[in-house]
Amino acid sequence: DMKVTQMPRYLIKRMGENVLLECGQDMSHETMYWYRQDPGLGLQLIYISYDVDSNSEGDIPKGYRVSRKKREHFSLILDSAKTNQTSVYFCASSIRDRAYEQYFGPGTRLTVL
Amino acid sequence: AQSVTQPDARVTVSEGASLQLRCKYSYSGTPYLFWYVQYPRQGLQLLLKYYSGDPVVQGVNGFEAEFIKSNSSFHLRKASVHWSDSAVYFCAPGGGNEKITFGAGTKLTIKP
């Protein structure tokens, strides 16, 4: 069963706390992505990972970092979260040769108070 | 740089009526074009895709889209909508750098 999972689904943190969002996929896809979704803005790409330890900044990387130590797992880290990082975060994966055909997880709704 | 415009933030259609969701893109060459759909409380799913060839492409659940290069458009159509089509639809051009640009989305509501 082709699946992208995200944990946790909902998270409330206080400003200045560290945040770890986790994403997993069972399709052995080389490429993985982190996006955030805000009302009226569509999805904005935070980071893209082409494989283990091969990560590249997306369009809005400031305030975020990522880690990919296994092909099936991709983490998004917010060091000292800010209130403007309140958003819904989506992870996605794709085959390298079909980068535009992405499989999305269900999202994590993060609230930073 | 590529960009995409979905001019209608919200569209309401009666069940059984036809549908068109508009999308215009800006890109220096010919982009690859996609429509994604997001059902409530879910992630996005690929609805249909255009790489080349026949400008009218078919997707799942009776959706189709037409690539009109002269107009830089890739509008989504359906002949007869169902209540289950209620969702947010995203137009998304891809430009050869393995990155998609997502539009702001159009929220489709189906009236009974």
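Tell me the residue from A:SER56, A:SER93, A:SER49 that is under 19 Å from B:PHE34 (Cβ atoms) and outside any loop (DSSP other than H, G, I, E, B), please.
On the way: A:SER56 fails: under 19 Å from B:PHE34 (Cβ atoms); A:SER49 fails: under 19 Å from B:PHE34 (Cβ atoms).
Criteria check complete, one pass: A:SER93.
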Only residues in region B:16-41 that are over 15 Å from B:VAL60 (Cα atoms) and open to solvent by 40 Å² or more (accessible area, probe 1.4 Å) count as the first member; pair them with residues that are part of a strand (DSSP E or B) and among the small types (Gly, Ala, Ser), Cβ under 6 angstrom, at least 6 apart or cross-chain, and list the lot. B:LYS24/B:SER73; B:SER26/B:SER3; B:TYR32/B:GLY94
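Condition first: touching a residue at least 60 places away in the same chain (Cβ under 8 Å), more than 10 Å from every other protein chain (Cβ to nearest Cβ) and touching a Cys at 6+ places or on another chain (Cβ under 6 Å). Can you find one or more residues in region A:25-33 that meet it?
Start the filter on region A:25-33 by keeping residues that are touching a residue at least 60 places away in the same chain (Cβ under 8 Å), which leaves A:25, A:27, A:29-33.
From what is left, the residues that are more than 10 Å from every other protein chain (Cβ to nearest Cβ) are A:25, A:27, A:29-30, A:32.
In the following step, the residues that additionally are touching a Cys at 6+ places or on another chain (Cβ under 6 Å) were identified as none.
Looking through region A:25-33, none of the residues is touching a residue at least 60 places away in the same chain (Cβ under 8 Å), more than 10 Å from every other protein chain (Cβ to nearest Cβ) and touching a Cys at 6+ places or on another chain (Cβ under 6 Å).
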Applying the selection to region B:64-101, what residues are within 14 Å of chain A (Cβ to nearest Cβ), outside any strand (DSSP E or B) and in contact with a Pro (Cβ under 9 Å, 6 or more places away or on another chain)? B:GLY95, B:GLY96, B:THR101
Within region B:1-15, residues open to solvent by less than 50 Å² (accessible area, probe 1.4 Å), among the hydrophobic types (A, V, I, L, M, F, W, C) and in contact with a Ser or Thr (Cβ under 7 Å, 6 or more places away or on another chain) come out as B:VAL4, B:VAL11
Restricted to region B:8-51 and to residues being within 13 Å of chain A (Cβ to nearest Cβ) and out of contact with any strand residue (DSSP E or B) (no Cβ under 7 Å at 6 or more places or on another chain), the residue farthest from A:SER93 (Cα to Cα) is B:PRO40
Inspect region A:36-52 for any residue being surrounded by 13 or more Cβ atoms within 10 Å (Cβ to Cβ), of a type outside the set (D, E, K, R) and in contact (Cβ under 8 Å) with a residue 60 or more places away in the chain and give the result as yes or no. yes
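The values are calculated or read from the model by the stated rules, or taken from the named source; none is laboratory data. Predicted model, so just to flag it, every value in this text is computed and none were measured. Positions of Cβ are generated from backbone atoms using ideal geometry, with glycine treated the same way; all protein chains shown enter the neighbour counts. The protein model used for the area step is the full one, side chains on, heavy atoms only, and it has no ligands, DNA or RNA in it. Shrake-Rupley method; radii C 1.70, N 1.55, O 1.52, S 1.80 Å.
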